[in-house]
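The structure under discussion appears below in the form of structure tokens.
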Amino acid sequence: MSKLEARGTVRLVLRDVGLDPSSVTPRQMAVVIERLLGAALSKRKVESAAELCQALMRELEQIGANRVEHHEDTAYDLFERLESDGTRRGRS
Amino acid sequence: MIAISVAGLLLSMVASLVVGSRVLALWWRTRKLPELLLAVATLCVGFIAYAVGTAGKILVEGPSELRGSFTLIGLSIECIGHVALVAFSWRVFRPREAWAGGLAGSLTALIAVALAGEVVSGELLRYSDMIPISGPWVPFGLAARGAAPTWMAIECFQLYSKLRLRQRIGLAEPLVVNRVLLWGVAIGCPALGFAVSVAHRLIYGTGLRAHVWALSTVSLLATVSAVALSLAFFPPKAYRRWLEERPGPAPRA
């Protein structure tokens with residue numbers, strides 16, 4: 001698989017779960033690798049897809065560890081907050 | 001039928017007042033701009049503008065200057081709310097995209113130009129009387145203001161479709177995903193209401209009050225909007241349970 005194909009595969013997997021490559025977070029990427037990328041690579045006849053995913057996860061962990069996470073307030077974060085305190089308390 | 005229609009509009013006003021006040025209280029704690037913009041939009045468009053405008057129509061029987069003043073105050077408050085809604089859509093959904101900033105600026109300018117046109121032409125009074133319009137300013141103003149909820153509704157539905165996909169792999173909570181849909185419906189209904197108003201003005205020239213069917217349509221939209229807004233902000237326990245227990249779609253292989 002060429003670099004271009006690999007990049008395209010990741011982009012397609014991200015698109016399938018409604019994520020944008022330009023704004024995906026390490027946590028989201030980890031879930032995608034763990035749950036979807038292996039299957040997507042196997043489907044494209046990539047050998048040892050599971051090992052590849054494990055290696056990617058290790059790299060991702062390193063990126064996460066070295067990165068100072070500055071949390072950007074996303075639309076999802078806002079809608080998560082848009083709830084009455086009463087119903088939120090009832091939930092927790 | 002008219003009483004039912006008025007009840008629908010009143011329900012929408014009450015929902016806007018309650019939810020808008022609560023979002024304002026939320027802003028007081030978080031001090032984040034989106035909460036402030038949404039509170040201003042909900043209160044100004046959904047409650048204050050309606051209240052002032054309706055007071056002008058019902059209470060003022062005297063000279064047209066006084067009615068005009070009421071209408072101008074109501075319409076100005078509505079414009080502030082719509083500009084807040086435009087800013088909300090830009091800052092929340094497309095903060096990094098230049099075209100969205102351009103769109104927000106253009107819509108704000110259109111809303112301001114439309115208001116100025118309505119005032120200068122005197123067509124402003126057509127909101128409070130039953131005389132047919134005699135120029136393009138009223139439908140233009142309605143269309144310019146209607147673009148604000150339309151943009152936000154489109155953004156909400158787009159985000160909803162993305163979050164539905166994320167929900168499949170546990171990257172979004174069902175309650176939040178549903179809340180985005182409900183806000184889309186709550187804001188999309190007034191957008192449709194504006195479309196009905198523009199069409200009605202273009203066909204008949206008068207306001208919606210001239211036809212029961214038109215008033216009923218907008219009232220029905222207002223009722224749906226009020227229910228969606230209330231469910232979004234005050235989801236009852238049973239509703240939350242239903243959302244959380246409902247089987248989500250399986251991830252694509």
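The values are calculated or read from the model by the stated rules, or taken from the named source; none is laboratory data. Because the structure is predicted, anything quoted here is derived from the model rather than measured. Because the Cβ atoms are built from the backbone with ideal geometry, glycine has one as well, and the counts that use them run over all protein chains shown.
The set of residues from segment B:107-134 being of a type in the set (S, T, N, Q) and surrounded by 13 or more Cβ atoms within 10 Å (Cβ to Cβ) comprises B:T108, B:S121, B:S128. Determine if segment B:159-178 includes at least one residue that is at negative phi, crowded, with 18+ Cβ neighbours inside 10 Å and away from chain A (no Cβ under 14 Å). No, the conditions are met nowhere in segment B:159-178.
Of the numbered criteria (1) away from every other protein chain (no Cβ under 14 Å); (2) in contact with a Lys or Arg (Cβ under 9 Å, 6 or more places away or on another chain); (3) surrounded by 18 or more Cβ atoms within 10 Å (Cβ to Cβ), the one B:A232 fails is (1). Which ones in segment B:194-229 are within 14 Å of chain A (Cβ to nearest Cβ) and touching a Cys at 6+ places or on another chain (Cβ under 8 Å)? Of everything in segment B:194-229, just one residue is within 14 Å of chain A (Cβ to nearest Cβ) and touching a Cys at 6+ places or on another chain (Cβ under 8 Å), namely B:A228.
Selection over segment B:131-173 of residues that are more than 14 Å from the chain's Cα centre (by Cα), among the β-branched types (V, I, T) and farther than 24 Å from B:G207 by Cβ gives a count of 1. When A:E80, A:E61 are checked against the criterion of being assigned to a helix (DSSP H, G or I), acidic (D, E) and at pLDDT 90 or above, A:E80 stands alone in meeting it. What about B:V176, is it under 25 Å from B:F93 (Cβ atoms), hydrophobic (A, V, I, L, M, F, W, C), over 18 Å from the mean Cα position of the chain (by Cα) and at pLDDT 95 or above? Considered against the rule, which asks whether it is under 25 Å from B:F93 (Cβ atoms), hydrophobic (A, V, I, L, M, F, W, C), over 18 Å from the mean Cα position of the chain (by Cα) and at pLDDT 95 or above, B:V176 comes out as yes. Within segment B:62-75, does at least one residue satisfy the condition of being free of Cβ contacts under 8 Å to residues at least 60 places away in the same chain and either under 18 Å from B:A226 (Cα atoms) or not in a helix (DSSP H, G or I) (or both)? Yes, some residue in segment B:62-75 is free of Cβ contacts under 8 Å to residues at least 60 places away in the same chain and either under 18 Å from B:A226 (Cα atoms) or not in a helix (DSSP H, G or I) (or both). Here is the figure for segment B:135-157: residues that are in contact (Cβ under 8 Å) with a residue 24 or more places away in the chain and either out of contact with any helix residue (DSSP H, G or I) (no Cβ under 8 Å at 6 or more places or on another chain) or surrounded by fewer than 18 Cβ atoms within 10 Å (Cβ to Cβ) (or both) total 1. In the condition set (1) within 14 Å of chain A (Cβ to nearest Cβ); (2) more than 22 Å from B:R94 (Cα to Cα), B:V119 is compliant with all but (1). Selection within segment A:13-39: residues that are under 15 Å from A:G64 (Cα atoms) and more than 8 Å from every other protein chain (Cβ to nearest Cβ). The member of this set that is surrounded by the fewest Cβ atoms within 10 Å (Cβ to Cβ) is A:S23. A:S42 falls short on exactly one of the conditions (1) exposed (fewer than 14 other Cβ atoms within 10 Å of the Cβ); (2) over 14 Å from the mean Cα position of the chain (by Cα); (3) facing chain B (nearest Cβ under 10 Å), and that condition is (1).
The residues of segment B:14-49 that are surrounded by 19 or more Cβ atoms within 10 Å (Cβ to Cβ), more than 14 Å from chain A (Cβ to nearest Cβ) and either of a type in the set (A, V, I, L, M, F, W, C) or within 19 Å of A:L78 (Cα to Cα) (or both), listed by number, are B:S16, B:V40, B:L43, B:C44, B:V45, B:F47, B:I48, B:A49.
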